[in-house]
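S.K.: Got a structure for you, questions after.
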Amino acid sequence: MTATTGFRWLVVPEADMPEPSRELVGGKAWSLWRMRSLGLRVPPAFVVTTKACAAYFEDDDLPEGLSDELTAGIRHIEDQLGRTFGGTERPLLVSVRSGAAISMPGMMDTILDLGCNDKVEGALAAESGDPEFAAEVHRRFTGFYGRLVLGCTEDLEDLPDTAAVRAAIAEDVGEAVPADPWEQLRAAVAAVFRSSRSRRAMAYRKHYGIPEDLGTGVTIQAMVFGNLDDDSGTGVLFTRNPVDGTREPYGEYLPRGQGEDVVSGRVTPKPLAHLAQRWPRVHAELLAAADCLDREGRDAQDIEFTVQRGELFLLQSRPAKRTARAAVRIAVDLVDEGVLDPAEALTRVTAEQVRTLLRPEIAPGAAEGAELLAEGVSASPGVATGVVVDTPEAAQAHPGCVLVRKSTSPDDVHGMIAAAAVVTEQGGATSHAAVVSRALDTPCVVGCGAGTVDTLTGRTVTVDATAGRVYAGELATSAVDEREDADLQRLTEWAEAASPVRARADGAVEPVFDGDAADVGEELPAIPLGTKTVRGAVFCTPDGVRAALDAGVEVILTPHRLPVLLAAIAHDRRTS
Amino acid sequence: MLDPYELTVHSLTLRQLGTAEQLADITGQDVAEVEAGLEKAVAAGLVMAARGSYLITPAGREHLDGIYPRAFEGLRADPQVAAAMEAFETGVNKQVLALTTDWQTIEVDGARVTNDHGDADYDATIIDKLGRVQEKTAKVLRPLSDADPLVDRFLDRIGTALTRAEGGETDYVSGVRVDSVHTVWFQMHEHILRLTGRERPE
């Protein structure tokens, strides 16, 4: 409860209020309060509490008084920004998002730009001087509402305008998006509440022993506009380079842009240096905030920000996406900076990331002069050399071969498991061959065109699935050696100390079970009771490691130890 | 409709190599019933036994091809079923394949790379979309599930896989060696293709 009001169902997260309970306001609103208390400027917001959610389910309706409090909450935002919700001049739009104390699947996504209708669109167009932008905001809001509140499952993102989105929604669910912003808001809040008891959220809680009646909060926050004038813009900032992990701010700024513009790729943003030139004060404030969030978040952050009339607003800060190389670098750096201990650093790097780094590549220059036999779409990266076969049965009989098919289906999976690489004539990045190869971490090139099976069968080829090419003969490859990379070496030492199982290149403890010698099928081979050591490619995959741990195995023999150790630690963490 | 024996042989076209327990899990039959059916099918040369697992033989496939048109005559003549299949192929099936790709790969700085599952929000979004598509699929396939109870069973198994994936067992989205969303989805797809006598589009 805040000093500002005597709200029964709302909390307004002000900087000077005491820490709100996560149970009451949910994790997202809590982090909003956290940003505010760090002195960072975030757009004004309020939260409908989980208590209101519980009351909603008691009455099967929004609890008494909530409607009035929503009005009061919005008025509070209007006062701060000098805008009007549903107004015909300087309209206020808001985002509506769910937030429970424990993050749960099945809960509703964020609705952006709520409060829009035909009149508001007109007002936005007049204010921004950009009717196209206003139309885009309206179209996007209609899609969000149709999908999240009305439950439309049609693809609405690619439709050209609001009218088309409305038509698709009407066709799919037979309902319309209300024009009244207040009705939109009440319906959105109720939809968030309901989503906490969706069939899937319930199933999840039951499966993981989370209390059944755990409700959700609803955060309602003002949208800010980076496209108002020349003194406005929007951007993203990574506190560390997401490609190589170096500790340097990295980002983009789009003058006169809105948040989605940067992500959509419709326009080319400028480097952050542009902001430094145009608005040195804002730039300095942004870098200070980034530093603070990196330290507070104890991880590289991906920060979304908007500048509205020369004023910086932080919209979101979350752990940044990163390449495998960057993940390793950042985890080790954070230990050196004294932010993480080694055990925690291990949770920041996944087995998949290390496997990616250890993937062999065609040696520099090796492809020059090699005969290119086929070319297609890279579906699962990596390099492999082998004899080409054209049936799954032949692939099973010759493990390590290259399987080439017109296309693949579940009938071919046992052959795909045995093959070192998969090539197809038909299909794209979403084809069966692509999906299954990625799941198996098998190099795969798809869509090489008719005749590929006939051209390749019987030859020895090298598949460079990273580049989507198939060469004649055996090409030299090079790979990162985990023992020669200082960062990987340190992670391996830490992982050894934390792992419930030993991973070694050799040194089996009897009795040994060889997964490669077992039947190659779609199932994991059953590990005989009392087995102390397992070997074989299948036990280097995450599900293989899991099976080995569940069978009480002590040693996994593998050429690459770190991915196995990380998978084992992750499994151990999940089950204990 | 298929009789219990035919259903057992049919289940081997959905899962290439399976134990009696695994096949019973697909069809919902008694394990004892499946075992009896498999024994009979092995004797008839329709099925091969291999170390506790079973495989269908070319003769077994031919046998089924002779049975389907009769067993599913009514279903195949139903225009609502045909419309449902069309909607499935052009709609939710494409969505599931695209979402599986989104699950496996992620965009970092403009390039698509393997999803290392380090971004929980991203993963949650994909699983959430898969969940919505699964719910929609139940509606799309209603004419088929009205005629054949196995269709609902597949959708339940996809839901189970989603729940496990949501709990952090990431290979339950597209893993090949477990009953992942993708694995069960492909089984279901194969099943309904056989019901309706259609070819898998590529």
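The values are calculated or read from the model by the stated rules, or taken from the named source; none is laboratory data. This one's a predicted model, so the numbers in the text were calculated from it and none came from an experiment. With ideal geometry, Cβ positions are generated from the backbone for all residues, glycine too; neighbour counts draw on all protein chains shown.
S.K.: Are any of the residues in the range A:430-445 touching a helix residue (DSSP H, G or I) at 6+ places or on another chain (Cβ under 6 Å) and either surrounded by fewer than 16 Cβ atoms within 10 Å (Cβ to Cβ) or part of a loop (DSSP other than H, G, I, E, B) (or both)?
M.R.: Yes, the range A:430-445 has at least one match.
S.K.: May I ask you to list the residues in the range A:466-517 that are assigned to a helix (DSSP H, G or I) and either at positive phi or not aromatic (Phe, Trp, Tyr) (or both)?
M.R.: A:Ala486, A:Asp487, A:Leu488, A:Gln489, A:Arg490, A:Leu491, A:Thr492, A:Glu493, A:Ala495, A:Glu496, A:Ala497, A:Ala498
S.K.: Follow-up question, since we're still on this one. Given the conditions (1) within 15 Å of the chain's Cα centre (by Cα); (2) more than 7 Å from chain A (Cβ to nearest Cβ); (3) in a helix (DSSP H, G or I), and given that B:Lys129 satisfies all but one, which numbered condition is not satisfied?
M.R.: (1)
S.K.: Within the range A:412-424, work out how many residues are buried (at least 24 other Cβ atoms within 10 Å of the Cβ) and in a loop (DSSP other than H, G, I, E, B).
M.R.: 1
S.K.: Sticking with this structure for a sec: Go through the residues of the range A:205-212 one by one and say whether even a single one is among the charged types (D, E, K, R), farther than 24 Å from A:Arg574 by Cα, surrounded by fewer than 16 Cβ atoms within 10 Å (Cβ to Cβ) and within 14 Å of another protein chain (Cβ to nearest Cβ).
M.R.: Within the range A:205-212, none of the residues are among the charged types (D, E, K, R), farther than 24 Å from A:Arg574 by Cα, surrounded by fewer than 16 Cβ atoms within 10 Å (Cβ to Cβ) and within 14 Å of another protein chain (Cβ to nearest Cβ).
S.K.: Also: For B:Val184, state whether it is crowded, with 22+ Cβ neighbours inside 10 Å, at negative phi, out of contact with any Pro (no Cβ under 8 Å at 6 or more places or on another chain) and aliphatic (A, V, I, L, M).
M.R.: yes
S.K.: Tell me the strands (runs of 3 or more DSSP E) entirely within the range A:303-383 that contain at least 2 residues that are surrounded by 22 or more Cβ atoms within 10 Å (Cβ to Cβ) and within 14 Å of chain B (Cβ to nearest Cβ).
M.R.: The strands (runs of 3 or more DSSP E) meeting that bar are A:377-380.
S.K.: Right, another one. What number goes with the only condition from (1) under 31 Å from the mean Cα position of the chain (by Cα); (2) surrounded by 18 or more Cβ atoms within 10 Å (Cβ to Cβ) that A:Glu157 does not pass?
M.R.: (2)
S.K.: Restricting the search to the range A:387-411, which residues are modelled with pLDDT of 90 or more, facing chain B (nearest Cβ under 10 Å) and crowded, with 18+ Cβ neighbours inside 10 Å?
M.R.: A:Pro392, A:Thr408
S.K.: Which of the residues spanning the range A:556-576 are over 12 Å from A:Asp514 (Cα atoms) and of a type in the set (A, V, I, L, M, F, W, C)?
M.R.: Passing the criteria: A:Leu562, A:Val564, A:Leu565, A:Leu566, A:Ala567, A:Ala568, A:Ile569, A:Ala570.
S.K.: Note down all Cβ pairs under 7 Å where the first residue falls in the range B:161-177 and is within 7 Å of chain A (Cβ to nearest Cβ), the second is modelled with pLDDT of 90 or more and not in a helix (DSSP H, G or I), and they're at least six residues apart or on different chains.
M.R.: Matching pairs, first to second residue: B:Asp171/B:Ser180; B:Ser174/B:Ser180.
S.K.: If you don't mind, another one. Being surrounded by fewer than 23 Cβ atoms within 10 Å (Cβ to Cβ) and more than 14 Å from every other protein chain (Cβ to nearest Cβ) is the filter here, so list the residues in the range A:528-552 that pass it.
M.R.: Residues satisfying the conditions are A:Leu529, A:Gly530, A:Thr531, A:Lys532, A:Thr533, A:Arg535, A:Ala551, A:Gly552.
S.K.: Is one or more of the residues making up the range A:533-541 touching a Phe, Trp or Tyr at 6+ places or on another chain (Cβ under 6 Å), assigned to a helix (DSSP H, G or I) and in contact (Cβ under 8 Å) with a residue 24 or more places away in the chain?
M.R.: no
S.K.: Taking the condition of being assigned to a helix (DSSP H, G or I), within 14 Å of chain B (Cβ to nearest Cβ) and free of Cβ contacts under 8 Å to residues at least 40 places away in the same chain, how many residues in the range A:144-168 meet it?
M.R.: Counting residues in the range A:144-168 that are assigned to a helix (DSSP H, G or I), within 14 Å of chain B (Cβ to nearest Cβ) and free of Cβ contacts under 8 Å to residues at least 40 places away in the same chain gives 4.
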